[in-house]
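As structure tokens, the structure follows; a few thoughts come after it.
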Amino acid sequence: MKRVGILTSGGDCQGLNATIRAVGKTLYNHYGADNLEIIGIIDGYRGLIYGEYRRMKPDDFSGILTMGGTILGTSRQPFKLMRVVDENSVDKVESMKKNYKKLNLDCLVILGGNGTQKTANLLREEGLNVVSLPKTIDNDLWGTDKTFGFQSAVDIATNVIDCIHSTATSHGRVFIIEVMGHKVGWLTLYAGIAGGADIILIPEIPYDIDKVVKTIKARTERGKNFSILAVAEGAISKELAALPKKKKKAVIAEMKYPSISYKIADEIESATGQETRVTVPGHFQRGGSPDPYDRVLSTRFGVAAAQLIIDKDYGKMIAMRNNKVVAVPLEEIAGKLKTVPVDCEEIATARKIGISFGD
């Protein structure tokens, strides 16, 4: 009897259920329902720590291709606290190993982003058989060109920008759309280009507010009565970026605005006199059904993960490279962040059509 555990960890996104489905269907087709037991770990690593799980059946993997969220539930378990004994005197790592062995698992399938992959690699180092899958709307996982959830989030953020265009034009306003992304700007970059934003501000390129204002004034002089800014929630000014890390955190913590977008809006309105509004789609970007691209990508990833299990090729993350699905060793990617290269083709393309990055 083959026994496989599966969990989803970190923030939810589109494509989790589609990926779970592909893993399950592939394994059932290979081993048969009588020779396979799949254990669904509830609420991510927390379920593995505290022994919360359910035995799944083939029917559990049907009808979930288009469902958002995750049928297994999820939670955030910070990697930096994994070695810290909690308030219940639970040694998290030892507890996860104990429950893995108690369930007599042959492999644990882990779906998640950066922190999740670091913990997956930790479990690999502790001797557990793991196979992981790259999930995040931020597309910031090292070692893969694309993560599932990213394209669906781009679609939603782009739609928000599209909808804002009409009201911005009608009222002659400046509109800031704050897109998810604390540390990297892939989502903001793609949505900004796709939505026809005039200015894109991302964490990788610290902005100069005077350059932002100059761009807006230049548009006004050309007869454009509105401007659209796509701003990553982690966008940062040149002045703030120049501060030491500790001082930078202190300044951000003391900021009187709800987020950086509201600060930028206030500065723009003061400098131009033009009415400026902020729209924050927030968790809309992570919700709802995966788009067709993510359904296909998730299916490809899930099938590839199942094949690693069949081949007993553990300790790897499924990835996309040059449109080919490959497996990369966890130790090579865990803990590495894939930021937007400032000289990448997408940024060069945006600059050539006149999009400003505030620099």
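In table form, for the structure just shown:
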item	result
Within the range 339-356, considering residues that are of a type in the set (V, I, T) and assigned to a helix (DSSP H, G or I), the one farthest from the chain's Cα centre (by Cα)	T349
Cβ pairs under 8 Å, 6+ apart, first in the range 242-262 and outside any helix (DSSP H, G or I), second open to solvent by 50 Å² or more (accessible area, probe 1.4 Å) and of a type outside the set (V, I, T)	M255/K263; Y257/K263; Y257/D266; S259/E233
Considering residues of the range 209-229 that are part of a loop (DSSP other than H, G, I, E, B) and of a type outside the set (F, W, Y) only, the residue nearest to S270 (Cα to Cα)	N225
Residue list for the range 173-195, filter: under 17 Å from I156 (Cα atoms) and either small (G, A, S) or open to solvent by less than 10 Å² (accessible area, probe 1.4 Å) (or both)	I176, I177, V179, G181, G185, L187, T188, L189, A191, G192, A194, G195
Candidates N114, N17 - the one that is of a type in the set (S, T, N, Q), under 19 Å from F148 (Cβ atoms) and modelled with pLDDT of 95 or more	N17
Boolean, L133 is more than 30 Å from A265 (Cβ to Cβ), in contact (Cβ under 8 Å) with a residue 60 or more places away in the chain, surrounded by 24 or more Cβ atoms within 10 Å (Cβ to Cβ) and out of contact with any Pro (no Cβ under 9 Å at 6 or more places or on another chain)	yes
Filtered residues of the range 46-97 (kept if farther than 21 Å from V130 by Cβ, charged (D, E, K, R) and either open to solvent by 70 Å² or more (accessible area, probe 1.4 Å) or at pLDDT 95 or above (or both))	K57, D59, D60, E87
Flag for V278 being touching a helix residue (DSSP H, G or I) at 6+ places or on another chain (Cβ under 9 Å), at pLDDT 95 or above and within 28 Å of D106 (Cα to Cα)	no
Failed item, numbered, when D198 is tested on (1) open to solvent by 30 Å² or more (accessible area, probe 1.4 Å); (2) modelled with pLDDT of 95 or more; (3) of a type in the set (D, E)	(1)
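The rows are residues; the columns are (1) part of a helix (DSSP H, G or I); (2) without any contact (Cβ under 8 Å) to a residue 24 or more places away in the chain; (3) under 21 Å from the mean Cα position of the chain (by Cα).
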| site | (1), (2), (3) |
| --- | --- |
| V4 | no, no, no |
| L7 | no, no, yes |
| G11 | no, no, yes |
| A18 | yes, no, yes |
| R21 | yes, no, yes |
| T26 | yes, no, no |
| D34 | yes, yes, no |
| G40 | no, no, no |
| D43 | no, no, yes |
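The values are calculated or read from the model by the stated rules, or taken from the named source; none is laboratory data. Being a predicted model, the structure only gives us computed values, none of them experimental. So basically every Cβ, Gly included, is an ideal-geometry build from the backbone, and we count neighbours across all protein chains shown. When the accessible area is computed, the model is the full protein with side chains, heavy atoms only, and any ligands, DNA or RNA have been set aside. Shrake-Rupley method; radii C 1.70, N 1.55, O 1.52, S 1.80 Å.
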